[in-house]
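Nothing in this text is a laboratory measurement; each read-out follows from the coordinates by a stated rule. All values reported here derive from a predicted model rather than from experimental measurement. Every residue, glycine as well, gets a Cβ built from its backbone with ideal geometry; the counts of neighbours run over all protein chains shown.
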Amino acid sequence: MRSDQLTVLIILQGDDFLSSQYCESSSHLSRSLSSMASPILLLLVSSLLLIPAQAHLQEPSDQAFTSIRISQQGLDFLKDVLVSKVISSIIPLKLPKIEKTMKIPFLGNVHVVLSNITIDRIDVPSSYVKPGDTGITIVASGSTCNLTMNWHYSYSSWFVPVEISDNGRASVQVEGMQVGLTLGIEIGEGTLKLSLMEGGCYAKDILIKLDGGASWLYQGMIDAFDDQIEAAVENAITKNLNDGVLKLDSFLQALPKEIPVDDNASLNVTFVDNPLLSNSSIGFDINGLFIARRKVHILKHQHKNSPSSVYCTDPSRMLGIALDEAVFNSASALYYNAKFMQWIVDKVPDQSLLNTAGWRFIVPQLYKKYPNDDMNMDISLSSPPVVKISQEKIDATVYADLIIDVLQADQVIPVVCISLVIRGSGSVRIAGNNLAGSVKLDDFTMSLKWSKVGNLHMFLIQVPTPQHLKPFLFWLAEDLILTFGLQPVMWTIIQTVFLPYANARLGKGFPLPIIHGFTLENAETLFSSSRITVCGDVAYAEPLQHSPLINHDQLHYGFL
């Protein structure tokens, strides 16, 4: 095998990357937050990291939003892996018994049997793979294989009253073999299907060496079996190639069409359209959207982008995966439309912020009406987050409503609702087979949506003012209150509660569709207009065991 590394290129494009990750409970958040925020908070803050856009209801199940391109370098790597797996899966290979009766002058009929014929080694010094308009051709040339077998002969004649026999072992070396096959590739019922268009094996030379008995006496006789042994080897290898293609086809068709992300969402990895074959690469399209594991209506993009060319600064990258913005927008739509983007916070690092006493200088009316009462915060998104990706960075805007609840006995009393516009920026990295990252808060603004404790600006109006100026001063006072009173409090809550919670989960990453056994390595990320590009290598581990080519229980879409 030429290398143990495969290079991968992954493009993420669009306006709204919304990741739903597996989440852990936070010591700073309540049970209600930890139970609801796994799909919600992570989606909120990961949207600061990645993508939404305008969406419309439709059902693009037969459209492609993720494109995969395997270059010639990638095909070479996969060919090496496949050849190695095929050889290890068929060795040892037993061939059928060969019998032959020969009539020799003065001796009569000589019956020769070659049994327990076993190929125990195959060496492939040179091979290549070439995609074409109709399929992919794989050729291994200059190959050799070593066999062992038992030989036995017996004869009798009219002048010898008893049967004469002898037996022993033989070693065989077949040289100059050329093995080739052409695979047809098509999409059917959302899966990738393989077919063997043509294939075969040709052996050039054979060398037989006998051991045991009077082997030197019978070497010439056994040499007469050259053609039959060659034919047996050629037929056996050809048959195993056919069987291997059938097993590989079954494996590909058994790959799941959905990859679970969490309890609520899966990735739709259904293949769409037929593969795109050129003389140096092969491309596939899959649906790639987030779909609900429970049946709910979700928002989908109005348009499908054409598959983008996969570009990396290093042209030797072998594999490319281009993700349309609709992939991430589907995650946003799924969680938002399923009403998961709402949670309650009743524990923060500074617990005084969740008592009216801590707000007595910010909203005096609140403390006056509910002195020393505990509070919680009910937060919900008012629309899917909006993210813009440029060549320099990722900018995001999140729209949310925050309701302050006062807790009295068994009552939860909503008292104030504040609309938030949060702006942040994010960064991404590769963690194993996941796209991970972090987010930081840039700034945010607030406005009062409604209040049950009076106008928040009222206590600032201390002096008589003309009636026609009061609306303006009320607005100005309210803005000052929110800017210099609530804003530091909200900044503290976002910085000390939500960002650490979200970044801990974003650090684990968003799963990329990498088949189990391959792992991303040495990855880098690049930004361009509406895209995130990830370039890296893929190392191959050995997940296949005890299989005649493919183990369906071990090979699957796997994520770290």
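A few remarks follow.
- Close amide H pairs (under 5 Å, H built 1.01 Å from N) link THR270 with ASN287, GLY288, residues at least 5 positions away or on another chain.
- Here the range 57-180 yields Rg over Rh of 1.31, to two decimals, using C-alpha coordinates and the Kirkwood radius.
- Qualifying chymotrypsin sites (Phe, Trp or Tyr not before Pro) in the range 68-154, where qualification requires a DSSP coil assignment and no more than 11 other C-beta atoms within 10 Å, comprise PHE106.
- Based on Cα contacts under 8 Å between residues 6+ apart, the range 74-254 shows a relative contact order of 17 percent.
- Spacing of the modelled spin labels on LYS193 and TRP491, each 7 Å from Cα toward Cβ, amounts to 6.2 nm.
- Amide proton proximity set for GLU524, modelled H, under 5 Å, gap of 5+: CYS535, GLY536
- The Cα-based radius of gyration and maximum Cα-Cα distance (Dmax) for the range 74-254 are 20.6, 73 Å.
- Annotation: amide H of SER383 within the under-5 Å range of TYR399, sequence separation 5 or more or interchain, hydrogens built in the peptide plane.
- Relative protection proxy for 282-289, 503-510, 260-267, from highest mean packing down: 282-289, 503-510, 260-267 (other beta-carbon atoms within 10 angstrom).
- Placing a pseudo-label 7 Å from each Cα along the Cα-to-Cβ vector at GLN173 and SER352 gives an inter-label distance of 8.7 nm.
- 3J(HN,Hα) from dihedral phi, the range 202-211, Karplus parametrisation 6.51/-1.76/1.60, rounded to Hz, x for glycine, proline: 10, 10, 8, 10, 9, 10, 10, 10, 8, 10
- Residues THR101 and ASN146, FRET efficiency given R0 of 30 Å [Cβ-Cβ distance, rounded to 0.05]: 0.60
- As a calculated quantity, the FRET efficiency between ASP314 and SER419 at R0 = 35 Å, using C-beta atoms, amounts to about 0.15.
- Over the range 315-423 - Rg/Rh using Cα atoms and the Kirkwood inverse-distance radius: 1.17
- Taking 0.36 nm per residue of sequence separation and removing the Cα-Cα distance, the LEU441/GLN391 pair yields an extension gain of 16.1 nm.
- FRET efficiency, TYR399 to VAL139 (Cβ-Cβ, R0 45 Å, nearest 0.05): 0.15
- In summary, the aspartates and glutamates within cross-link reach of LYS204, defined as a Cα separation below 14 angstrom excluding same-chain residues under 8 places away, comprise GLU175, ASP226, ASP227, GLU230, GLU234.
- Gain on full stretching of the segment that runs from ASP62 to ASN274 - 0.36 nm per residue minus C-alpha separation: 75.1 nm
- Theoretical gain in end-to-end length, PHE527 to ASP166 [0.36 nm per residue, Cα-Cα removed]: 122.3 nm
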